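A short write-up of the structure that comes next.
What follows draws every value from the coordinates through simple rules; no lab data is involved. On a predicted model such as this, the values are computed, not experimentally measured, just so you know. Counting neighbours? That spans all protein chains shown, and the Cβs are built from the backbone with ideal geometry, glycine included.
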Amino acid sequence: MEINIKKNGSSIIFDLEGSLDIYTSLDLKAALEEHVKENGLSVVINMDKLTYIDSSGIGILIKALNYVQGLNGRLCVANLKPVIEKVFKVSGLTSYFEILTADQFREQYAS
């Protein structure tokens, strides 16, 4: 998996590409811990180019949400492909995470 990070004021966007799974989830965890240290940040996990997610990936996203909220920040996921959105729905995560559509993502975080 490739992780590209963009900072814009109090927002940090993590663009994920490839698979978020047992082999790559710790990479995302490390990137989040390295770049998200301040209180009140808005963190966006952009999944536009994510092709696969497994339970390890979901687990890291839940830990990331708790971590960011512990810093009084906001974490949302954006641009879920239908297959990944289905995983979120089946897992009951759509009520747990703030999910941005492509239009919402562009409006709020277009650079």
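Counting only the Cα atoms, the chain fills a convex hull of 88 Å³ per residue. For trypsin sites (Lys or Arg not before Pro), the sites in the stretch 13-111 that DSSP calls loop and that have at most 10 other Cβ atoms within 10 Å are Lys37. Gaussian network model of the chain, Cα springs within a sub-10 Å range: biggest mean-square fluctuation belongs to which of Ser91, Ser19, Ser11? Sorting by GNM fluctuation, first place goes to Ser91. Toward the positive end of the charge dipole of the chain, with +1 on the Cβ of Lys and Arg and -1 on the Cβ of Asp and Glu, the farthest Cα among Leu32, Tyr109, Gly73 is that of Gly73. Stick to Cα atoms and the Kirkwood definition of Rh, then tell me Rg/Rh for the stretch 32-73. Across the stretch 32-73, the Cα-based Rg/Rh ratio is 1.00. Counted over the chain, the DSSP beta bridges are approximately 30% antiparallel. In sequence order, the stretch 58-75 has phi-based couplings of 4, x, 5, 5, 5, 4, 5, 4, 4, 4, 5, 5, x, 9, 6, x, 10, 10 Hz under the Karplus curve 6.51 cos²θ - 1.76 cosθ + 1.60, θ = phi - 60°, and Gly or Pro positions carry x.
Here the simple spin-label model places points 7 Å from the Cα toward Cβ, and for Leu26 and Asp48 these points are separated by 3.0 nm. Restricting the chymotrypsin sites (Phe, Trp or Tyr not before Pro) of the stretch 1-95 to loop positions (DSSP other than H, G, I, E, B) with no more than 13 neighbouring Cβ atoms within 10 Å leaves Tyr23.
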